[in-house]
1. Could you tell me which chymotrypsin sites (Phe, Trp or Tyr not before Pro) in segment 67-130 are loop residues by DSSP with no more than 11 other beta carbons within 10 angstrom of their beta carbon?
2. Let's test the formula: R0 of 35 Å, r as the Cβ-Cβ distance of ASN34 and VAL57. What FRET efficiency results, to the nearest 0.05?
3. How far is it, in nm, from the label point at TYR73 to the one at ALA152 when both lie 7 Å from their Cα along the line to the Cβ?
4. Identify which of the listed values of log10 I(q)/I(0) by the Debye sum over Cα atoms at q = 0.08, 0.13, 0.18 Å⁻¹ was calculated from the structure shown: [x] -0.29, -0.72, -1.18; [y] -0.44, -0.79, -1.17; [z] -0.24, -0.66, -1.33.
5. Around LEU16, under 13 Å between beta carbons, what's the net of Lys plus Arg minus Asp minus Glu among the other residues?
6. Pairs LYS58/LYS113; LYS122/LYS157; LYS96/LYS147; LYS58/LYS96: which are spaced more than 21 Å apart, C-alpha to C-alpha?
7. Label-point separation (nm) for SER101 and LYS113, each offset 7 Å from Cα along Cα-to-Cβ?
8. Once the mean 1/r over all distinct Cα pairs of segment 150-189 is inverted, what Kirkwood radius in angstroms do you read off?
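Here, each number is a calculation from the coordinates, and none is a lab measurement. These figures come from a predicted structure and were not determined experimentally. In this analysis, Cβ positions are derived from the backbone assuming ideal geometry, glycine residues included, and neighbour counts consider all displayed protein chains.
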Amino acid sequence: MFTLLLQTKPYVHHYLVSNFGNPANLTSDPRLHNLFRRCLRKPAARFTKQYKPLRLVKYTSQSKIIISEDDFYRYGWEMSKVNTIYFGRELENRAKFLMRSIVSVYMAFMSQKNAILLFQEKFGYTDDVWSFDSIRKDFSRNGPTHKVDFRAEITEKTERIILENLSELGTISQKLLKDHVGNKKAKRSA
């Protein structure tokens, strides 16, 4: 078993460790593992000048990723700067998608500030790993624009179940049930 030391952003490192262990074993995610293999196999040296000024300044953490012996000899053992950035962006997108999904659900029950703080607490993203301001800015730019009202959705579904049960028992008439459902549909379309 061999490992690759990959430069990553701190929150990407935390995402890798949380999902795949330390060192990260990517074999449990075939899509990501194949992307990793492609980055090892085909270093894109022709774009190196484009990324030269970046010098991976924001990539302050180092993540260990397991390379099997077969992959080591078949594909390689290092990654170019271009492929490091390319692979890092895929991991960033996954971490950000997780964050946006969780924070948007939490926001159904609390403010954006509290939702972000709860996300950081529950998933271990301390401020030095992924700052509150960075999460807030990303969520404001790329998060869902509409807020789901879970309370209204749950109330409506519960109400419909109760009315259907009462209708089956004969406590209320089918007419009341149909009228109630019709009124709800009319309010939605208005």
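1. Answer in residue order: PHE109.
2. Values: r = 29 Å, r/R0 = 0.82.
So, using R0 = 35 Å, E works out to roughly 0.75.
3. The answer from the label model is 6.3 nm.
4. Identified label for the calculated read-out: [y].
5. It works out to a net charge of 0.
6. Beyond 21 Å between Cα atoms: LYS58/LYS113; LYS122/LYS157.
7. Using points 7 Å along Cα→Cβ, the separation is 2.8 nm.
8. It is 10.5 Å.
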